[in-house]
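Visitor: My structure is below; once you've seen it, I'll send some questions.
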Amino acid sequence: MELPVVNHPEYVAKINENSVFPIKKFSSLADYLLKNKVVKNFYIPKKCSIETLSKSHSLNYINHIKNQTLDKKSETKIGFPINSSVVKRSFLATGGTVLASKLALDYKLACNTAGGSHHASYDYGAGYCVFNDVAVAANYLKFKKKIKNILILDLDVHQGNGNSEIFKNDKNIFTFSMHCKSNYPAKKSKSDLDIELEDKLEDEEYLKILKKNIIYLNKINFDFVFYIAGVDVHYDDKLGKLKLTDNGIDRRDRIVIENFFSKKTPLCGVLGGGYNKSFSKLIELHASLHKNCAAFI
């Protein structure tokens, strides 16, 4: 059996040439996974429906994105131009995480080659995040599939503030964010559990903290897990402030995936952030999620 992985060619959108965001990573990651035989084929997502989006975002905000009528201040906060290409990508990438979550129900593990847009909140986008794909998919599972106890396990270097804001009054969805204390966003929101890390933390201490918190999370018995596997925790990341090595990220992914797979808890993996100084290294690091998931299928 092969790991189900969702990808769409139009995950690559037209953005500013000088953007810090490495938009071409999505197509390069797909090529890497095919070339290295991690997958043979991809599942192709459809655009996320307005109905599904509206469980996590305001209709007013969705329509401003859809019609490209968002004001300049809000567009600047996102960091992308809200053009037809970015709009299409935003609907497709969100649909991709919804599809990957459905596949995870069937296969126990599934991944998107995008996703983890955890700074987008109910009525705004921020930090290169237009729609919060994980929040949208979590609400889809809750309302359509009647799944009651969902964990969002966020290991991006930045706090998942959009998730904690969207689900602050939701007892069905547990938000966990383990992030660099001094990093973006400057003003943190309150997750169900926030683990704030000091700058320059290295592999062993990081993994020790992670294992301790997984033991705690295991007491809750979740029915489904979304894993945001940001690789901006790497020592050579432009926007990270931690010091994990390639091996540290690989071990981190394995710890998370093995833990929930052994408990037969479906897990949907999404990319999260990555801004490595080396583009080829960035692709390798992002592929760690898919390689480690594929090892269990």
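Derivation of every value follows stated rules applied to the coordinates shown; laboratory data play no part. Source: prediction; values computed, not measured. Using ideal geometry, Cβ is built from the backbone for each residue, glycine included, and neighbour counts are taken over all protein chains shown.
Visitor: For residue 20 and residue 204 in the same chain, what is the full-extension length gain: residue separation times 0.36 nm, less their Cα-Cα distance, in nm? Could the numbers behind the result be given before it?
Guide: Working: separation 184, 0.36 × 184 = 66.24 nm, distance 2.93 nm.
Roughly 63.3 nm would be gained on extension.
Visitor: Considering the chain as a Gaussian network with a 10 Å cut-off on Cα pairs, which listed residue, 146, 40, 102, attains the greatest mean-square fluctuation?
Guide: Highest fluctuation among the options: 146.
Visitor: Please check: in the Gaussian network model of the chain (C-alpha springs, under 10 Å), which one of 65, 257, 23 has the largest mean-square fluctuation.
Guide: 23
Visitor: Is there a pair in 241/263; 171/238; 14/241; 72/187; 190/291; 146/208 whose C-alpha atoms are over 26 Å apart, and which pairs would that be?
Guide: On the way: 241/263 33 Å; 171/238 36 Å; 14/241 28 Å; 72/187 22 Å; 190/291 32 Å; 146/208 34 Å.
The answer is 241/263; 171/238; 14/241; 190/291; 146/208.
Visitor: A further question follows. How about the stretch 1-78: which GluC sites (Glu not before Pro) there lie in a loop by DSSP and see at most 11 other Cβ atoms within 10 Å?
Guide: 17
Visitor: How much net charge surrounds residue 60 when only the other residues with a Cβ under 13 Å from the Cβ of residue 60 are counted, with Lys and Arg +1 and Asp and Glu -1? Walk me through the intermediate numbers first.
Guide: Numbers: positive: 66; negative: 71, 123.
The answer is -1.
Visitor: Now, a different point. Using only DSSP helix segments of four residues or longer, with each worth -39500 (n - 2.57), what per-residue ellipticity at 222 nm results for the chain after dividing by its residue count and rounding to 500? Please list the in-between numbers first.
Guide: Details: 10 runs with 121 residues, N = 297.
The helix contribution divided over the chain gives -12500 deg cm²/dmol.
Visitor: What share of the DSSP beta bridges in the chain is antiparallel, in percent to the nearest 5?
Guide: Values: 3 of 29 bridges.
Approximately 10 percent, going by the DSSP bridge assignments.
Visitor: Using a cut-off of under 11 Å, list every residue of the stretch 282-297 whose amide N is near the label point 7 Å from the Cα of residue 236 along the Cα-to-beta-carbon line.
Guide: 282-285
Visitor: Let me ask another. How far is it, in nm, from the label point at residue 2 to the one at residue 223 when both lie 7 Å from their Cα along the line to the Cβ?
Guide: That separation, rounded to one decimal, is 3.1 nm.
Visitor: A further question follows. Could you work out which residue, out of 88, 181, 212, moves most in a Gaussian network model of the chain, that is, has the largest mean-square fluctuation with Cα springs under 10 Å?
Guide: 212
Visitor: Let me ask another. Amide H neighbours of residue 276 under 5 Å, at least 5 residues apart or on other chains, H built in the peptide plane: list them.
Guide: 238
Visitor: Calculate, in nm to one decimal, what residue 212 and residue 145 gain on full extension: separation in residues at 0.36 nm each, minus their alpha carbon distance. Mind showing how you got there, number by number?
Guide: Details: separation 67, 0.36 × 67 = 24.12 nm, distance 3.08 nm.
Result for the pair: 21.0 nm of gain on full extension.
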